[in-house]
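Single-structure report; data block below.
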Amino acid sequence: MLKKTPQDSHTIMNEMVLPNDTNTLGNLMGGRLLYWMDIGAAMAAQKHCNRIVVTASVDNVSFKHPIKLGDTITIESKVTRAFNTSVEVRLDVWAQNIPSGTKVKSNEAYYTFVALDKDNHTIPISELTPETEEDIALYDGALRRRQLRLVLGGKMKPDDATELKALFFSASKEQE
């Protein structure tokens, strides 16, 4: 199978926050942002897999900065690691007020997608080859994030999460 890089899946999506997208405070509704983030992440995952993908999980999404009516949001996404049939996608969300010239990072998150064949069965996907230092750091952390997702989802026993255990045992040894 063809190996791909994170840059092969890099996706930039823009939306303008309109009145129908906001709550009574004039801020973008969280559900609308999650909807747009899911679309942006799915585009990156499909670019990597060259297949239809479906959302398998969404990690914790924190809202660091409100996005206001009239702001333009930019959602950047890229695959950080490919597993057998799934990919992890990182998203960064920026809010920009074009008239004032301000731009702030509002959100970041990780989504997981699985690739499907024509019969809606999961299928193996291409490997990912990280290139930059940032890509390598995201790639290395993806296995720990995956194990945490699997443990929290009840699909892996905590004792089997070797990467997570190594993280905690090495930290406690350093403190001694």
Inset, instruction - Using every pair of alpha-carbon atoms in the range 4-160, split the distances into 10 Å bins beginning at 0 and state the percent of pairs per bin, rounded to integers. - result: 11, 37, 32, 17, 3, 0
Legend entry - Cα centroid separation - the range 24-55 against the range 75-144, whole Å: 11 Å
Legend entry - Long-range HN-HN contacts of residue 29 with modeled amide H, under 5 Å: 22, 23
Inset, instruction - With an 8 Å cut-off on Cα pairs and a minimum separation of 6 or more residues, tell me the relative contact order of the range 66-105 in percent. - result: 37 percent
Inset, instruction - Over the range 1-64, consider all pairs of different Cα atoms and compute the Kirkwood hydrodynamic radius from their mean reciprocal separation; express it in Å, one decimal. - result: 13.7 Å
Inset, instruction - Treating only the Cβ atoms of Lys and Arg (+1) and Asp and Glu (-1) as charged, compute the dipole magnitude of the chain about its Cα centre; round to the nearest 20 debye. - result: 280 debye
Inset, instruction - Taking only Cα atoms and a 10 Å spring cutoff, compute GNM fluctuations for the chain and point out the largest among 129, 22, 102. - result: 102
Inset, instruction - Taking only Cα atoms and a 10 Å spring cutoff, compute GNM fluctuations for the chain and point out the largest among 40, 31, 141. - result: 31
Inset, instruction - For the chain, set up a Gaussian network in which alpha carbons nearer than 10 Å are linked by springs, and say which option among 74, 132, 11 fluctuates the most. - result: 132
Inset, instruction - Return 92, 135, 160 ranked ascending by Cβ neighbour count within 10 Å, so the fewest neighbours appear first. - result: 160, 92, 135
Inset, instruction - For the range 6-131, please report how many Lys pairs fall under 22 Å Cα to Cα, leaving out neighbours fewer than 8 apart on the same chain. - result: 9
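Each value in this text was obtained by applying a stated rule to the coordinates, not by laboratory testing. Since the model is a prediction, treat every value here as computed from it, not as a measurement. Cβ sites come from the backbone with ideal geometry, for glycine too, and all protein chains shown count toward neighbours.
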